[in-house]
Amino acid sequence: MQLPDQVILALAGGMAGTLVSRHAESIGAGTGAATGGVARLTGELRTGADVRPFTLIRKRARPAGTGRHAAGARDPRHFAYWRREPLAYASDLLPRGPGLRAPLCYGVVGDTVYLADTTGGPESGGRAARRLAAWQTSTPATDPGWLAGHQLAQRLAVTSLDWADMPVARPLLRCWARRRELLAVVESVPTVLSHGDFHRGNLIAAGADTVVLDWATLGIAPVGADLAHLALSTLDDPVPEYLAAARGRFEPAAVRLGYTVTVLLTGISRLHWMLSGGRDVPPGYERFLLAALDGGAALCGSGWQDLAHG
């Protein structure tokens with residue numbers, strides 16, 4: 001029934017506290033490659049003469065033992081590195097607000113993090129994009145040695161897809177066939193500190209703040225990559241909102257390029273995942289990818305024109 005002493009101290013606001021009761025409710029194994037289980041802990045804590053209730057989230061990390069990315073689980077530069085999230089919460093790299101922030105952390109003990117149970121509603125894509133810009137423009141992309149490298153390149157290195165008999169627009173198939181060329185295009189794009197999985201399911205509108213969950217893929221990525229993950233979860237283009245909040249810190253063409261390549265290659269691979277598994281494709285999903293491809297053609301000229309209209 002115990003909680004680590006540092007967690008009890010944090011829950012008690014820095015005062016001496018005694019655990020009266022504690023109940024653990026599993027809320028899933030988590031979806032990340034390095035997530036070993038997530039539980040909501042509730043109970044009561046005594047501080048002096050007062051007894052107060054508490055709620056927190058306990059999240060455990062563990063190395064992936066199977067799957068395409070198991071080999072990267074112990075590589076600190078791989079996006080699937082299993083100890084990254086505890087290291088991230090113990091560091092000073094995560095946003096603390098106001099605006100964009102990670103959940104309040106009550107403590108990191110070994111490979112387990114204890115977090116505030118954040119509640120709130122869905123966040124708007126526009127506000128999330130603006131706050132992402134504020135964080136990325138104010139936080140240097142310093143690397144302590146365990147940040148993920150270019151996640152998209154790491155994923156594509158072990159991805160081979162069979163498109164036979166799939167009803168997919170030919171421009172998207174041409175785009176996938178030339179994925180190595182597209183990856184090479186973003187090598188010139190400036191890099192930023194990146195969440196790595198910045199989609200609406202990980203964003204909570206909590207009062208005046210946007211709370212971002214799941215920091216296991218924190219890394220260095222081309223500017224615009226996080227926007228692509230957001231866009232694929234909303235099917236709206238967040239780049240104008242991001243650029244307005246970035247206030248000239250990044251060249252618009254660079255942001256658009258990092259965004260477009262990530263939208264296309266990530267979005268096309270997810271389209272294959274949906275079709276091959278008999279999953280429903282969201283209405284307008286393929287149309288959104290084709291619009292992004294047309295935008296790339298307008299941005300980069302003849303090479304993209306061949307992809308979009310060849």
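The values are calculated or read from the model by the stated rules, or taken from the named source; none is laboratory data. Everything quoted here is computed from the prediction, not taken from an experiment. Cβ placement follows ideal geometry from the backbone for every residue including glycine, while neighbour counts extend to all protein chains displayed. These accessible areas exclude ligands, DNA and RNA; they are computed on the full protein's heavy atoms, side chains included. Shrake-Rupley method; radii C 1.70, N 1.55, O 1.52, S 1.80 Å.
Here are some notes:
- Residue match in the stretch 210-232 (condition: within 28 Å of PRO283 (Cα to Cα) and of a type in the set (Phe, Trp, Tyr)): no
- If only residues of the stretch 98-115 that are open to solvent by less than 30 Å² (accessible area, probe 1.4 Å) and part of a loop (DSSP other than H, G, I, E, B) are counted, the one that is farthest from LEU3 (Cα to Cα) is GLY99.
- Within the stretch 84-97, the residues that satisfy the criterion of being out of contact with any strand residue (DSSP E or B) (no Cβ under 6 Å at 6 or more places or on another chain) and either assigned to a loop (DSSP other than H, G, I, E, B) or open to solvent by 40 Å² or more (accessible area, probe 1.4 Å) (or both) are LEU87, SER91, ASP92, LEU93, LEU94, ARG96.
- Qualifying positions in the stretch 196-210 - open to solvent by less than 60 Å² (accessible area, probe 1.4 Å) and not aliphatic (A, V, I, L, M): GLY196, ASP197, PHE198, HIS199, GLY201, ASN202, ASP209, THR210
- Test result for ASP214, out of contact with any Leu (no Cβ under 8 Å at 6 or more places or on another chain), surrounded by fewer than 19 Cβ atoms within 10 Å (Cβ to Cβ) and in contact (Cβ under 8 Å) with a residue 60 or more places away in the chain: no
- Some residue of the stretch 178-188 being without any contact (Cβ under 8 Å) to a residue 24 or more places away in the chain and assigned to a loop (DSSP other than H, G, I, E, B): no
- Residues of the stretch 32-60 that turn out to be touching a residue at least 24 places away in the same chain (Cβ under 8 Å), polar (S, T, N, Q) and open to solvent by 30 Å² or more (accessible area, probe 1.4 Å), as a count: 1
- Of all positions in the stretch 177-189, none carries a residue that is open to solvent by less than 60 Å² (accessible area, probe 1.4 Å) and of a type in the set (S, T, N, Q).
- In this structure, LEU275 qualifies as surrounded by 15 or more Cβ atoms within 10 Å (Cβ to Cβ) and in a helix (DSSP H, G or I).
- Conditions (1) open to solvent by 50 Å² or more (accessible area, probe 1.4 Å); (2) out of contact with any helix residue (DSSP H, G or I) (no Cβ under 9 Å at 6 or more places or on another chain); (3) modelled with pLDDT under 95; (4) not hydroxyl-bearing (Ser, Thr, Tyr): number failed by ARG174: (2)
- Per-region count, the stretch 1-31, residues in contact (Cβ under 8 Å) with a residue 24 or more places away in the chain, assigned to a strand (DSSP E or B) and open to solvent by 40 Å² or more (accessible area, probe 1.4 Å): 3
- Boolean, GLY258 is open to solvent by less than 20 Å² (accessible area, probe 1.4 Å), in contact with a Pro (Cβ under 8 Å, 6 or more places away or on another chain) and at pLDDT 95 or above: yes
- Near pairs, Cβ below 7 angstrom, 6+ apart or cross-chain, from the stretch 274-286 (modelled with pLDDT of 95 or more) to any residue that is among the small types (Gly, Ala, Ser): GLU286/ALA169
- The combined condition, being assigned to a helix (DSSP H, G or I), charged (D, E, K, R), farther than 20 Å from ALA254 by Cα and open to solvent by 60 Å² or more (accessible area, probe 1.4 Å), is fulfilled by ARG155.
- Evaluation of LEU193 against (1) touching a strand residue (DSSP E or B) at 6+ places or on another chain (Cβ under 7 Å); (2) more than 19 Å from GLY125 (Cβ to Cβ); (3) open to solvent by 20 Å² or more (accessible area, probe 1.4 Å) (one fails), failing number: (3)
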